[in-house]
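The values are calculated or read from the model by the stated rules, or taken from the named source; none is laboratory data. What you are looking at is a predicted structure, and each value in this text was computed from that prediction instead of being measured. FYI the Cβ positions are ideal-geometry reconstructions off the backbone, even for glycines, and counts take in every protein chain you see. To get the accessible areas, we keep the full protein, side chains included, count just its heavy atoms, and leave off ligands, DNA and RNA. Shrake-Rupley method; radii C 1.70, N 1.55, O 1.52, S 1.80 Å.
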Amino acid sequence: MLEIVASPILRALLLLRLVPAFLLQWYWTEKRLASNVQTMVRGDGQGIKIDGGEIPYFSSLLEVQNLTPFPIEVDRLFGDVFCGGRIASFVSLERKAIKSLASEQVFIRADMTDAQARYLANTYKTNRVHIVLSGFILSRIRGFSLIGRRIESTNVEIINVRVVAL
């Protein structure tokens with residue numbers, strides 16, 4: 001137990017709990033808080049999966065890392081998936097509490113139209129798939145937004161697509 005209290009980082013985190021929120025708001029601006037929340041596609045397993053089959057859909061497992069000294073709560077995430085052009089839009093209303101210096105995974109899924117699947121079939125070999133993510137985050141200091149974060153991954157699986165005339 002003494003090793004935990006002796007750690008300078010943990011000692012600073014314990015002291016931050018004693019400081020009133022209005023004093024911390026001066027240093028922890030929305031921009032600084034947002035820069036300390038990292039979003040990425042999960043590196044192992046199926047990062048981004050796009051199925052252009054009979055019922056086309058997109059799914060992904062995102063990882064949200066909280067690098068702030070405060071616990072946060074992901075209120076909602078929304079965004080678009082691109083491969084040359086927009087192929088899907090998604091909204092995740094799942095609330096996730098994330099402790100300080102920890103990470104949580106958020107599963108997102110969106111259905112695609114047949115026209116979007118046909119477009120993907122003609123463009124996926126020449127364009128990279130990426131996600132543009134936005135969302136709202138709550139903390140004890142203030143709420144803040146993540147706006148237009150571009151997330152790319154090499155962990156992309158595209159199945160059941162065949163090139164057809166547009």
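Assorted remarks:
- Calculated from backbone phi, Karplus (6.51, -1.76, 1.60) coupling profile of the stretch 59-64 in Hz, x at Gly/Pro: 9, 7, 10, 8, 10, 10
- Overall form of the stretch 39-122 per C-alpha gyration tensor (a/c, 1.5; a/b vs b/c): prolate
- Applying 1/(1 + (r/R0)^6) with R0 = 30 Å to the Cβ-Cβ distance of Arg142 and Phe78 gives a FRET efficiency near 0.90.
- When the solvent-accessible area of the stretch 102-152 is split by element, carbon and sulfur atoms take up 49 percent of it, the probe being 1.4 Å.
- Whole-Hz couplings from phi, Karplus 6.51/-1.76/1.60, listed for the stretch 134-139; x for Gly and Pro: 9, x, 10, 10, 10, 9
- Taking amide hydrogens as placed 1.01 Å from N in the peptide plane, the amide H of Ala102 sits under 5 Å from those of Asn66, each at least 5 positions away in sequence or on another chain.
- Ranked by solvent-accessible area (1.4 Å probe, protein heavy atoms only, all chains present), the residues Thr39, Thr68, Thr126, Thr113 order from largest to smallest as Thr126, Thr113, Thr39, Thr68.
- Accessible area of Phe82 (1.4 Å probe, protein heavy atoms only, ligands and nucleic acids ignored): about 50 Å².
- Shape of the stretch 80-166, Cα gyration tensor, a/c cut at 1.5: prolate
- Residues whose amide H comes within less than 5 Å of that of Gly84, counting only those at least five positions distant or on another chain, are Arg128 (H built at 1.01 Å from N in the peptide plane).
- Ordered from highest to lowest accessible area with the whole protein assembly present and a 1.4 Å probe, Leu23, Leu33 read as Leu23, Leu33.
- In sequence order, calculated HN-Hα J values of the stretch 89-103 (Karplus, 6.51, -1.76, 1.60; Hz; x Gly/Pro): 10, 9, 9, 10, 9, 5, 8, 10, 8, 10, 5, 4, 6, 9, 9
- Accessible area (Å², 1.4 Å probe, nearest 10) - Arg149: 50 Å²
- Using C-alpha pairs below 8 Å separated by at least 6 residues, the relative contact order for the stretch 64-166 is 31 percent.
- Taking all protein chains as they are arranged and a probe of 1.4 Å, the heavy atoms of Val132 leave approximately 40 Å² accessible to solvent.
- Neighbourhood net charge (13 Å Cβ-Cβ; Lys/Arg +1, Asp/Glu -1) for Ala34: +3
- Amide H contacts of Val161 (H built 1.01 Å from N, under 5 Å, at least 5 apart or other chain): Gly52
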